[in-house]
Amino acid sequence: MKNLHVKNLVSTGLILFLSGIYSLGYSQKKSNDPLPNGSVKLEYNYPAGKTFKYVTDSKIVQDMDVNGQSMLVNIAVYLGCEVKSAGKQAENLNLEIKIDSMAQSIESPQGSTGGTINDVKTKVFNMIISPSGKIVDLTGASKIVYTVEGSGESNLEQGFLNFFPALPKTTVKTGDTWVSDDTIQTKTEHMSLLMPMHSEYKFEGIEKIAGIDCAKISATVSGTRKMTAQSQGMEIHTSGPFTGTQTIFFAINEGYFVKESVVSKMTGNIEIPDQNMSFPVVMTITSTNEIIK
């Protein structure tokens, strides 16, 4: 009976921090010096009067060993939204975001929870980003609250903290590399996340995607993920090192990202202090965020 209670507890707690873990996006803090002629400058500059539709599709597989019993949990996160320019604020971009659809679900040995989140459909908010993709203002998203089956309230801020992939702040040419050391830190009523990471980027060159000239950027990422979630009045701590890869396709002339793909794997532990329990976990995350017609 104790194992069953623990499995139910963990399954319920997982959904609380989904939107904080499916992305490895990050803001860049340092890069190489300006490069000579023949290089390109990558900047966000969504053209006025045009709407861009994005779909984010993430799959999370969590494999745990609870007191010698295997527990496999499959998590799905889906987000569809529209992005369009609302002008500029100084050198930064003011973007209007409209939610088309959103869903989160968990499949575990105890059954399925979650589903479509109708609370956010057609909701609109504005966010401000720098030309390199760094978040300047996301308060509008934090005001849009929704309820996920089995876990209570959350808000849209978590889903958009890393929506726009980071770009180099200097010009780059094919073969150039740069490094970023950064920390993602966020906290809600039911979840907190601390994720220091080291990222190594490379500009792979220019490729055509659906007829658009795109800069291809690859990255390898390593770091440590520390999460705390509240579930059924108890705390669940998940921590461990992770490694991952990221690929970005960015429309050079138009100034928007076309596609981002992220794969990461964490090998660590889950602790439930109130139950005096600790057990190993392997978490694999696969996510894509891309434009659709």
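Some points to look at:
- Selected residue (only one of 43, 82 is acidic (Asp, Glu), under 25 Å from the mean Cα position of the chain (by Cα) and under 25 Å from residue 171 (Cα atoms)): 43
- Residue check, residue 49 out of contact with any Gly (no Cβ under 8 Å at 6 or more places or on another chain), small (Gly, Ala, Ser), in a strand (DSSP E or B) and surrounded by fewer than 15 Cβ atoms within 10 Å (Cβ to Cβ): no
- Counting the residues of the range 93-141 that are touching a Cys at 6+ places or on another chain (Cβ under 9 Å) and surrounded by fewer than 18 Cβ atoms within 10 Å (Cβ to Cβ) gives 3.
- Failed criterion for residue 230 (all others in (1) outside any helix (DSSP H, G or I); (2) open to solvent by 30 Å² or more (accessible area, probe 1.4 Å); (3) touching a strand residue (DSSP E or B) at 6+ places or on another chain (Cβ under 7 Å) hold): (3)
- Strands (runs of 3 or more DSSP E) completely within the range 105-185 that count 3 or more residues being modelled with pLDDT under 90: 111-116, 145-148, 152-155
- Lone qualifier among 171, 188, 183 - being touching a strand residue (DSSP E or B) at 6+ places or on another chain (Cβ under 8 Å), at negative phi, among the polar types (S, T, N, Q) and open to solvent by 50 Å² or more (accessible area, probe 1.4 Å): 183
- Taking the listed residues 235, 200, 207, the one that is touching a Cys at 6+ places or on another chain (Cβ under 6 Å) and in contact (Cβ under 8 Å) with a residue 12 or more places away in the chain is 207, with no other qualifying.
For (1) in contact (Cβ under 8 Å) with a residue 60 or more places away in the chain; (2) within 30 Å of residue 41 (Cα to Cα); (3) out of contact with any helix residue (DSSP H, G or I) (no Cβ under 7 Å at 6 or more places or on another chain), each residue gets a yes or a no:
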{"position": "191", "(1), (2), (3)": "yes, no, no"}
{"position": "214", "(1), (2), (3)": "no, yes, yes"}
{"position": "248", "(1), (2), (3)": "yes, yes, yes"}
{"position": "254", "(1), (2), (3)": "yes, yes, yes"}
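- Of the set (1) touching a Lys or Arg at 6+ places or on another chain (Cβ under 6 Å); (2) surrounded by 20 or more Cβ atoms within 10 Å (Cβ to Cβ); (3) modelled with pLDDT under 95, all apply to residue 24 but (1).
- Options 6, 10, 66: the member that is in contact with a Lys or Arg (Cβ under 7 Å, 6 or more places away or on another chain), modelled with pLDDT under 90 and open to solvent by less than 10 Å² (accessible area, probe 1.4 Å): 66
- Identity of the residue in the range 258-279, hydrophobic (A, V, I, L, M, F, W, C) and in contact with a Gly (Cβ under 8 Å, 6 or more places away or on another chain), that ends up farthest from residue 62 (Cα to Cα): 262
- Test: residue in the range 239-249 that is modelled with pLDDT under 95 and aliphatic (A, V, I, L, M): no
- Contact annotation: no residue pair with Cβ atoms under 8 Å, 6 or more positions apart or on different chains, pairs a residue in the range 71-87 that is open to solvent by 10 Å² or more (accessible area, probe 1.4 Å) and among the β-branched types (Val, Ile, Thr) with a partner that is modelled with pLDDT of 95 or more and outside any strand (DSSP E or B).
- For the range 110-144, a residue qualifies if it is touching a Ser or Thr at 6+ places or on another chain (Cβ under 7 Å), without any contact (Cβ under 8 Å) to a residue 60 or more places away in the chain and farther than 14 Å from residue 77 by Cβ, and the qualifying residues are 112, 119, 121, 136.
The values are calculated or read from the model by the stated rules, or taken from the named source; none is laboratory data. It should be emphasised that the depicted structure is a prediction, and the values quoted were computed from it without experimental measurement. Using ideal geometry, Cβ is built from the backbone for each residue, glycine included, and neighbour counts are taken over all protein chains shown. When the accessible area is computed, the model is the full protein with side chains, heavy atoms only, and any ligands, DNA or RNA have been set aside. Shrake-Rupley method; radii C 1.70, N 1.55, O 1.52, S 1.80 Å.
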